[in-house]
Amino acid sequence: MKSIRLIVTSFLLVLAAGCDKKNDDLVKPGTGDNFPQVIKFDDEGDGDAEDADEFSFKLVLNDRYDATGENPGGKIIPLTEDVTVNFKITEWEGFDNPSDYIREVTGFYEIDDCTTSLDEGTDLNVVFDAATGTGSVRFPKGVEEIEIAFATDEDFFNDNTLNTEERSITLEITGLTTVAGQNVTFNKARQFKYEVLDDEAVHGDWEVDHEDSAQFVLFTRLFGHINEDIASLSADDVEKIEISIEYNEVKVLVELKEMEEIEECDGPEMVNKVIEIEADLEDLSTLTNEGDIEFAGEIEQEDGSVKEFVYKGGFAISSDGLTVTLTGEYDDEETDEIVLLLKK
């Protein structure tokens, strides 16, 4: 029995040695450092009002493996050398030439909440030819993201007409200039599209008349369903109620008469307290004076979990303002259908 065990043991040792010899030629799985860093647009699009005096896009780096384990989902690892990013306007709708609309282009990055690279006099070497729509910008080493801002002619699109045709600009990254041996690429699939939002359509800032007792009660019923502070308000507490319909979100802002001190970049400042609800637009009819609207968001519960709320319905624009008809769903309960009349 002892000799059989010795034979088996010897056989296993030979087999293991053979496996090790075969494995000498295998390539080990790559770590995060073996893959290129990827530069991409931070968002796929944005939009602003007709009279906006600028639009911008951000360039960021993909998250990478965090060897420390502190960020299981990965984190941005800044570049170790500068990269020049080339970009181009590839499409435009609703006007003849981007050079008629775009006035100037600048690039910068945030240093902190109050300071950008422009404040420090750092030049990102932005080059832009409005006639061809081509440009480039330096993405510096040690920086997580940069922003490219296009100053525009604020009167170019601004009119008193409901435009039923899209007005937009689409940009793509077209290439990179790197130093030798630098392992950096860009996301070739993602584009950035900026849309001009029509002031005569549903987008914009709309006010609820809080001094109209009937409208105030309807507003508190509708949004008090998801916010206890709104549910407990009286009209005397309120300075202003505003519902903003933006490019991809809806904001409900209640500005109170009560003041509070906040810390701004220039020092402390007294401002009105606010109650705010933010939601993502799920559906919105655009380039029309009536249609559908749906927006949704999440509310964190005391135990750390989240519950979703949804508002859906329709809208119609007339000389009286914007009439919005909505029902809300939250925590397995639904509000009655409520009609609000909003004015700009």
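Take the residues in segment 234-251 that are out of contact with any Asp or Glu (no Cβ under 6 Å at 6 or more places or on another chain), touching a residue at least 40 places away in the same chain (Cβ under 8 Å) and outside any strand (DSSP E or B); name whichever of them is surrounded by the fewest Cβ atoms within 10 Å (Cβ to Cβ).
Keep residues of segment 234-251 that are out of contact with any Asp or Glu (no Cβ under 6 Å at 6 or more places or on another chain), which gives 234-238, 241, 243, 245-246, 248, 250.
Among the residues that remain, those that are also touching a residue at least 40 places away in the same chain (Cβ under 8 Å) are: 243, 245-246, 248, 250.
Next cut, outside any strand (DSSP E or B) only: 246, 248.
On the way: GLU246: 17, ASN248: 14.
Per the criteria, the residue is ASN248.
Exactly one of these conditions fails for GLU302: (1) in a loop (DSSP other than H, G, I, E, B); (2) over 30 Å from ASP113 (Cβ atoms). Give me its number.
Failing condition for GLU302: (2).
Any chance you could count how many residues in segment 126-164 are in a strand (DSSP E or B) and touching a residue at least 12 places away in the same chain (Cβ under 8 Å)?
Applying the first criterion (in a strand (DSSP E or B)) to segment 126-164 yields 127-129, 134-139, 145-152.
Filter once more, so that each one left must be touching a residue at least 12 places away in the same chain (Cβ under 8 Å): 128, 134-139, 145-152.
Total satisfying the criteria: 15.
Taking segment 73-91 on its own, how many of its residues are in a strand (DSSP E or B), more than 20 Å from ILE102 (Cβ to Cβ) and touching a residue at least 24 places away in the same chain (Cβ under 8 Å)?
Looking only at that region, the number is 3.
With the condition kept exactly as written, say whether any residue in segment 107-123 is surrounded by 18 or more Cβ atoms within 10 Å (Cβ to Cβ), of a type in the set (A, V, I, L, M), modelled with pLDDT of 95 or more and assigned by TED's automatic domain parsing to the domain that holds THR185.
Within segment 107-123, the first condition is being surrounded by 18 or more Cβ atoms within 10 Å (Cβ to Cβ), and the residues that meet it are 107-109, 117.
Going one step further and asking which of them are of a type in the set (A, V, I, L, M), we end up with none.
Within segment 107-123 (the criterion being surrounded by 18 or more Cβ atoms within 10 Å (Cβ to Cβ), of a type in the set (A, V, I, L, M), modelled with pLDDT of 95 or more and assigned by TED's automatic domain parsing to the domain that holds THR185), the answer is no, since none of the residues qualifies.
Looking at LYS344, LYS312, LYS307 in this structure, which one is among the basic types (Lys, Arg) and at pLDDT below 95?
Matching residue, one of LYS344, LYS312, LYS307: LYS344.
When you go through GLY181, GLY133, GLY142 one by one, which is the residue that is touching a strand residue (DSSP E or B) at 6+ places or on another chain (Cβ under 9 Å) and at positive phi?
Numbers: GLY181 fails: touching a strand residue (DSSP E or B) at 6+ places or on another chain (Cβ under 9 Å); GLY142 fails: touching a strand residue (DSSP E or B) at 6+ places or on another chain (Cβ under 9 Å).
Matching residue, one of GLY181, GLY133, GLY142: GLY133.
Could you tell me how many of the residues in segment 305-327 are assigned to a strand (DSSP E or B) and either within 29 Å of LEU162 (Cα to Cα) or not assigned by TED's automatic domain parsing to the domain that holds GLU242 (or both)?
Of all residues in segment 305-327, those assigned to a strand (DSSP E or B) come to 306-318, 321-327.
Checking which are either within 29 Å of LEU162 (Cα to Cα) or not assigned by TED's automatic domain parsing to the domain that holds GLU242 (or both) leaves us with 310-318, 321-327.
Looking only at that region, the number is 16.
Residues are listed down the side, and each one gets a yes or a no for (1) among the β-branched types (Val, Ile, Thr); (2) closer than 22 Å to GLU337 by Cβ:
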site	(1), (2)
PHE216	no, yes
THR220	yes, yes
ASP236	no, no
GLU282	no, yes
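Please find, within segment 183-213, the residue that is farthest from LEU256 (Cα to Cα) out of those that are touching a Lys or Arg at 6+ places or on another chain (Cβ under 6 Å) and in a loop (DSSP other than H, G, I, E, B).
ASN187
Is one or more of the residues making up segment 21-37 at pLDDT 95 or above, assigned to a strand (DSSP E or B) and more than 16 Å from THR170 (Cβ to Cβ)?
Yes; the residues of segment 21-37 include at least one that is at pLDDT 95 or above, assigned to a strand (DSSP E or B) and more than 16 Å from THR170 (Cβ to Cβ).
Has segment 63-74 got any residue that is touching a strand residue (DSSP E or B) at 6+ places or on another chain (Cβ under 8 Å), modelled with pLDDT of 85 or more and surrounded by 16 or more Cβ atoms within 10 Å (Cβ to Cβ)?
Looking through segment 63-74, at least one residue is touching a strand residue (DSSP E or B) at 6+ places or on another chain (Cβ under 8 Å), modelled with pLDDT of 85 or more and surrounded by 16 or more Cβ atoms within 10 Å (Cβ to Cβ).
Mind checking which residues of segment 298-323 are surrounded by 16 or more Cβ atoms within 10 Å (Cβ to Cβ), in contact (Cβ under 8 Å) with a residue 60 or more places away in the chain and not aromatic (Phe, Trp, Tyr)?
Residues satisfying the conditions are ILE317, GLY321, LEU322.
Please determine whether any residue of segment 252-269 is surrounded by 14 or more Cβ atoms within 10 Å (Cβ to Cβ) and out of contact with any strand residue (DSSP E or B) (no Cβ under 6 Å at 6 or more places or on another chain).
no
Being closer than 23 Å to VAL202 by Cβ and not hydroxyl-bearing (Ser, Thr, Tyr) narrows it down to one of GLU333, GLU298, GLU302, GLU337, so name that one.
After applying the criteria, what remains is GLU337.
Could you go through segment 186-203 and let me know if any residue there is touching a residue at least 24 places away in the same chain (Cβ under 8 Å), surrounded by 16 or more Cβ atoms within 10 Å (Cβ to Cβ), in contact with a helix residue (DSSP H, G or I) (Cβ under 8 Å, 6 or more places away or on another chain) and not aromatic (Phe, Trp, Tyr).
No - not one qualifying residue is present in segment 186-203.
Step by step: first the residues of segment 166-182, then only those that are at pLDDT 95 or above and assigned to a loop (DSSP other than H, G, I, E, B), then the one that is surrounded by the most Cβ atoms within 10 Å (Cβ to Cβ). Which residue is that?
Step by step, filter segment 166-182, then rank; the result is ARG167.
Out of all the residues in segment 124-149, which are touching a Ser or Thr at 6+ places or on another chain (Cβ under 6 Å), within 27 Å of ARG64 (Cα to Cα) and loosely packed, with under 14 Cβ neighbours inside 10 Å?
Scanning segment 124-149 gives a single hit, LYS141.
The values are calculated or read from the model by the stated rules, or taken from the named source; none is laboratory data. Being a predicted model, the structure only gives us computed values, none of them experimental. Here Cβ is always computed from backbone atoms with ideal geometry, including for glycine, and neighbour counts include all displayed protein chains.
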